[in-house]
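To keep things clear, I will list the structure first and then write my remarks on it.
The values are calculated or read from the model by the stated rules, or taken from the named source; none is laboratory data. The structure displayed is predicted, hence computed values, not measured ones. Cβ placement follows ideal geometry from the backbone for every residue including glycine, while neighbour counts extend to all protein chains displayed.
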Amino acid sequence: MKYWKSCLAALLLLVATPFAASAQTVKVGLILSYSGQGASIGDLMDKAVKLYIKQHEKDLPAGVKLEIIRRDDTGPNPEVARRLAQELITREKVDFLAGLIYTPNAMAVASLATEAKVPTIVMNAGTSVIVRRSPYIARVSFTMWQSAYPLGKWAAQQSGVKRAYTAVTDYGPGHDSEAAFTKAFTESGGQMVGSVRMPLQNPDFIPFLQRVKDEKPDVLFVFVPAGKVATALMKAYNDLGLAQAGIKLIGQGDIVPDEELPNMGDAPTGIVTVHHYSASADRPQNKAFVAAWKKEYGADSTPSFYSVASWDGMAAIFHTIKAQNGKLDADKTMALLKGWQNPDSPRGPITIDKDTRDIIQNEYIRRLERVNGKLTNVEFETIPQVKDPWVQFNPPQ
Amino acid sequence: MATSPPKVPSPVDILLRRRRLRPIETLPWAIAVAVYFAFPTYLPLGTEILIMVLFALSLDLILGYAGIVTLGHAAFFGVGAYTAGILAANGWSEPTSGLVAAGLMAGIVGVVSGFIILRTHGVTLLMLTLAVVFMLHEAANKAGFITGGADGLQGMVVDPLFGAFRFDMFGRTAYLYALAVLFLAWLFARLLVHSPFGRSLTGIRENVTRMHAIGSPVHRRLVAIYAISAVLAGIAGGLLAQTTQAVALTVVTFERSGGILVMLILGGAGRLYGAFVGAPAFMLAQDTLAKSDPVYWLFWIGLMLVLVVMFARGGILGLVDAALHLARRLRR
């Protein structure tokens, strides 16, 4: 049984790995979480990579083959990620590293990317400082400041609220969100009435939200990592009747992730969030992307912002392969990535900043509404081409 | 000299004979050196295996020899890793002294926690060891200003070893460094378990009432071995931090405690070499399976463990023992 299974796995691997003795093979080492707490994220990202290759493999220059070498970092384990990257570089001689869901993992890989000169495409990890850790890193995902800072400004200036409370998960991205929102909100004349940090592991939101309710702010800004906890948060918000008490809930897209919306049941509509991607956006590029996704993975499967970053990451990799006709040079690749523009991303036009190698993208202000009976993040305002605001407040030394 | 050896060896002779180095005991070292030359691209994995062997060896001292069942050994691994990591991130980048500090710090935590929790035994002890891991995990999480919290410790700088050997990308220096440290730890552990002190630990494991009755200072001995084990675990943690130049909260988790327990039991506890068999077997199986099947590899690991626990209670070495025993009986 085990024998047959491994035979089957080996066979699948052979089939999935395009072999060509004479052809130029470009190798991409994809480091994602396929097991552990991040397995569902890894799945959403891996599916996007597969779909992109399936659709675009024919566009590669003649004789150039692409090989994806997948590795499981099992979660936020920098020492594992570093070892995998080391092996991918020294043993597999990859031309690119890609993936990297968690900030510590991306940080651990950075010095290797520099030493070995391997272009590294960060497809998720969103702590601002990552791109500064190596000149061979480019990011196609997002930063926490990119959405939380505009949201703070919008909340104070346009939604007419004056008193805000923040509740964030107690780790790096949460701290970034809290800092960004607080700075923008107070700069624009708002007043902070309190803040609380919630544990990362198995949080019970009721006591934290009760504290918020007693304080009666106009608005509650929340960050929790996208996934099941977002649904738990909505349930607590509902159960405590914060909406009835007049406390508006706002946040980044992470609290209303597209793939969790079907599980949120009677979540209160009207929640305003800022994010760079909503699966329901009606740009034609996004409609085509979502349709292709549903055709490939079934009508119940929905791509999320994780998927879009991986999709665009592959687009960036394809761009550099095509431009160099399959003969890759690390410095040329980085030069091609700097300033790379993709007007056709499902999330709207994107650019890789030529100075910081970080993503520049539209941020959309969305309202949670029921469309045809389904909860949907409806985009109603666009903040065009946002650069990471953090850079401006923390100039490189 | 001319007298013939006694027919029935005295217990002292038996104990002394066990202490003698058998040729087979050099096998792990021969393999480790051969790997360095034969598989130069597998050295990062090799280094991690060596570190896990050291960690499992430290656990064997308390679990296999003294019979202290613990789910909290990652606490010491984590203290060692964070000590080495924090030193390296704050300007103390010399590796060997950093490693000594990692061991010492873990030893201190071992003495303090051992002094308190080793008054209990059985399930209570198990829960308390678990509690120590959870407490240290949360402490490391909350003390984000020095540990980096859930983001991991950043900015470690590790100097070249002895000022001459840089920690290179292929992991050559790291591998030999880990191998040398493991070798010293093994020499020490071997000396320890065959010493009268080591023997008294086996006595405590087998019959604690009797050890009390003959006047052995049971609690003091347990605390001593607990602390020694903690030092070795701390050194293992420090090695991991220095060779990967990264530390995250996962070094001090229940999963890591459980994982090392599994590796030791897989190899066979209470025989010093279980660590040398179990850790490589587990890590290699994990590495191979995770590559051929990144999505479902955990299932195969689980299946393997179920089979080992059901059919090979003494671990892999237990199986080998049983096979040798059978062969000897058949020959007779």
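Just a yes or no: is a residue in region B:294-308 within 24 Å of the chain's Cα centre (by Cα), at pLDDT 80 or above and either among the acidic types (Asp, Glu) or under 26 Å from B:Ile225 (Cβ atoms) (or both)? Scanning region B:294-308 turns up no residue that is within 24 Å of the chain's Cα centre (by Cα), at pLDDT 80 or above and either among the acidic types (Asp, Glu) or under 26 Å from B:Ile225 (Cβ atoms) (or both). Among the residues of this structure, A:Gly348 does not count as one that is closer than 30 Å to A:Ile250 by Cα, surrounded by fewer than 16 Cβ atoms within 10 Å (Cβ to Cβ) and among the small types (Gly, Ala, Ser). Only one of (1) in a helix (DSSP H, G or I); (2) more than 11 Å from chain B (Cβ to nearest Cβ); (3) modelled with pLDDT of 90 or more is not met by A:Glu67, so which one is it? Only one criterion in (1) in a helix (DSSP H, G or I); (2) more than 11 Å from chain B (Cβ to nearest Cβ); (3) modelled with pLDDT of 90 or more is unmet by A:Glu67, namely (1). Residue count for region A:153-171 under the criterion of being assigned to a helix (DSSP H, G or I) and buried (at least 24 other Cβ atoms within 10 Å of the Cβ): the result is 1. Scanning region B:45-56 for residues that are part of a loop (DSSP other than H, G, I, E, B) and at negative phi turns up nothing.
The residue list B:Val69, B:Val133 contains one member that is assigned to a helix (DSSP H, G or I), closer than 30 Å to A:Pro199 by Cβ and of a type outside the set (Asp, Glu), which is B:Val133.
For region A:90-128, give me each residue that is in a helix (DSSP H, G or I), more than 7 Å from chain B (Cβ to nearest Cβ) and touching a residue at least 24 places away in the same chain (Cβ under 8 Å). Across region A:90-128, the qualifying residues are A:Asn105, A:Ala106, A:Val109, A:Ala110, A:Ala113, A:Ser128. Scanning region A:32-56 for residues that are more than 12 Å from every other protein chain (Cβ to nearest Cβ) and over 13 Å from the mean Cα position of the chain (by Cα), we see that the one that is surrounded by the most Cβ atoms within 10 Å (Cβ to Cβ) is A:Val49.
Report yes if some residue within region B:43-59 is charged (D, E, K, R) and more than 14 Å from chain A (Cβ to nearest Cβ); otherwise report no. No, the conditions are met nowhere in region B:43-59. Step by step: first the residues of region A:70-89, then only those that are among the basic types (Lys, Arg) and either away from every other protein chain (no Cβ under 13 Å) or out of contact with any strand residue (DSSP E or B) (no Cβ under 9 Å at 6 or more places or on another chain) (or both), then the one that is nearest to B:Asn141 (Cα to Cα). Which residue is that? It comes out as A:Arg82. The residues of region A:129-152 that are under 21 Å from A:Thr273 (Cβ atoms) and either surrounded by fewer than 24 Cβ atoms within 10 Å (Cβ to Cβ) or of a type in the set (Phe, Trp, Tyr) (or both), listed by number, are A:Phe142, A:Trp145, A:Tyr149, A:Pro150.
Residue check: is A:Met314 touching a residue at least 24 places away in the same chain (Cβ under 8 Å), assigned to a helix (DSSP H, G or I) and under 17 Å from the mean Cα position of the chain (by Cα)? So A:Met314 fits the description; yes.
Checked against the criterion of being buried (at least 23 other Cβ atoms within 10 Å of the Cβ) and of a type outside the set (Ser, Thr, Tyr), region A:231-241 contains one or more residues that satisfy it. Looking across region A:351-372, just one residue is assigned to a strand (DSSP E or B) and closer than 19 Å to A:Asp331 by Cβ, and that is A:Ile352. Taking region A:163-178 as the range and being within 19 Å of the chain's Cα centre (by Cα) and of a type in the set (Gly, Ala, Ser) as the test, the residues that pass are A:Gly172, A:Gly174, A:Ser177. Taking the criterion of being within 14 Å of chain A (Cβ to nearest Cβ), under 26 Å from B:Gly198 (Cα atoms) and surrounded by fewer than 24 Cβ atoms within 10 Å (Cβ to Cβ), the residues of region B:235-283 that qualify are B:Gly258, B:Gly259. Evaluated against (1) buried (at least 22 other Cβ atoms within 10 Å of the Cβ); (2) under 28 Å from A:Ala81 (Cβ atoms), A:Phe181 falls short on exactly one condition, (2). The residue that is nearest to B:Val112 (Cα to Cα), counting only those in region B:123-162 that are surrounded by fewer than 18 Cβ atoms within 10 Å (Cβ to Cβ), hydrophobic (A, V, I, L, M, F, W, C) and within 13 Å of another protein chain (Cβ to nearest Cβ), is B:Phe134. Residue check, A:Thr120 against (1) modelled with pLDDT under 90; (2) over 25 Å from B:Ile301 (Cβ atoms); (3) crowded, with 24+ Cβ neighbours inside 10 Å; (4) of a type outside the set (A, V, I, L, M), all met but one. Which one? The failed condition is (1).
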